[in-house]
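So the structure is just underneath, and the comments pick up after that.
The values are calculated or read from the model by the stated rules, or taken from the named source; none is laboratory data. Note that the structure is a prediction, hence the values are computed from the model and not measured. Ideal geometry is used to build each Cβ from the backbone, glycine not excepted, and the neighbour counts take in all protein chains shown.
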Amino acid sequence: MSDARGKVEGTRVEHDVKFFGLSTCVWCKKTRRYLEECGVAFEFTYLDLLEGDERAEALAIVKKWNPAGTFPTIVVDGEKSITGFSPDDIQQVLGL
């Protein structure tokens, strides 16, 4: 079982990247793997592994950036968001 929250170290640290997903979601797993393969450092949160207020707070952040509340949602530098498994968008926003 994955941790609910954590940090993945990487060689690409130019951006503050926050990944929000579900531990059981295939697209979330693909997106996380892609970020790791690209060497992107990021913080992750799996909402399905959180409970109570902690889960509600994380969901509020996701809905701020992605009103549909779908996963995965990536927030970059507190300025842009990427939703779904989208390698092209990840490359463009992160300058990979």
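Considering Asp48, Asp89, Asp3, which residue is part of a loop (DSSP other than H, G, I, E, B) and charged (D, E, K, R)?
Just a single option satisfies the conditions, and that option is Asp3.
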Worksheet item: Picking from Val13, Val17, which residue would you name as being surrounded by fewer than 16 Cβ atoms within 10 Å (Cβ to Cβ), among the aliphatic types (A, V, I, L, M) and within 22 Å of Val93 (Cβ to Cβ)?
Response: Val13
Worksheet item: When region 43-81 is examined, which residues are found to be within 20 Å of Ala4 (Cβ to Cβ) and of a type in the set (A, V, I, L, M)?
Response: Leu47, Leu49, Leu50, Ala56, Ala58, Leu59, Ala60, Ile61, Val62, Ile74, Val75
Practice prompt. Select from region 50-72 the residues that are surrounded by 15 or more Cβ atoms within 10 Å (Cβ to Cβ) and either in contact (Cβ under 8 Å) with a residue 40 or more places away in the chain or of a type in the set (Lys, Arg) (or both) and list them in ascending order.
Written response: Leu50, Arg55, Ile61, Val62, Phe71, Pro72
Discussion item. Criterion first (surrounded by 15 or more Cβ atoms within 10 Å (Cβ to Cβ), in contact (Cβ under 8 Å) with a residue 40 or more places away in the chain and part of a helix (DSSP H, G or I)) does Val75 satisfy it?
Written reply: no
Discussion item. As an exercise: evaluate Ile61 against (1) in a helix (DSSP H, G or I); (2) aliphatic (A, V, I, L, M); (3) at pLDDT 95 or above and give the number of the one condition it does not meet.
Written reply: (3)
Item to complete: Go over the candidates Val40, Val26 one by one and state the one that is surrounded by 13 or more Cβ atoms within 10 Å (Cβ to Cβ), over 16 Å from Ala4 (Cβ atoms), out of contact with any Ser or Thr (no Cβ under 8 Å at 6 or more places or on another chain) and at pLDDT 95 or above.
Response: Val40
